[in-house]
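The values are calculated or read from the model by the stated rules, or taken from the named source; none is laboratory data. The shown structure was predicted, so the numbers you read here are calculated from the model rather than taken from an experiment. Heads up: the accessible areas ignore ligands, DNA and RNA and are worked out on the full protein's heavy atoms, side chains in. Shrake-Rupley method; radii C 1.70, N 1.55, O 1.52, S 1.80 Å.
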Amino acid sequence: MSSTDTEHVLRPHGATVLSIVVWAVAVAMALEALFSAGVGGLLVYPGLALIAALVWALLWAPRLVLRPAGVEVRNLLHTYDLPFARIQDVRLGAMVHFEVDELQGRSRRVTAWNAPGVGRDNPLARVGRPETGARSGGPGAGTQARRRLSRAERLRNDQDSSRSAIVRERWEEWQGKHPAADPAPARRSLNVVVLSVLAVVVALNALMLAF
């Protein structure tokens, strides 16, 4: 199986680590409440379930899924299914943006807000290749000075090193192999499961407060 046939799930490392840590703490607190207070400890479970559900809905479920012929952009409220043939441009910045030629009857930009992006620019920390210093025998002979990169060069380097760079690479490769492909429609759907789970845990906590 080639790399273009594989599926990649992309989300920031920080979101993944934070989700796992919060869930582990929630499980530990749930066990501690049960062992120390018995059945009465179950009263803290709705609150822990709400915290766990919020972390899942905000940090874990939102992601960018790269597939052989397109991408799935899952945000908090909606999921976008974008075939490569419908994507006009892929822009890597603080977030990943897709310029789509037609979605629900019009062109629009779709932002994957929980995909790995490009970090903040730091001009002082960015230098390019070493350049030879003074001529042989001159006052800096044998030394090398490092050329400071321009803003455009720093941005290009950051984009190339981003974990989301594979999305643009895969899209460009697909465009080169399928220049006249008949585009499948781009779709947007509501995240019913996520919203339903949040509604249930919120309602459960509301009932606990009422009684």
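Tabulated data
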item: Accessible area expressed per residue, segment 1-66, with surrounding protein chains retained (probe 1.4 Å, Å²); result: 56 Å²
item: MET29 accessible area, 1.4 Å probe, all protein chains in place, Å² to nearest 10; result: 100 Å²
item: Net length gained if the chain between VAL39 and ALA94 were fully extended (0.36 nm per residue, minus Cα distance); result: 15.1 nm
item: Solvent-accessible area of ILE20 with every protein chain in place, 1.4 Å probe, in Å² to the nearest 10; result: 90 Å²
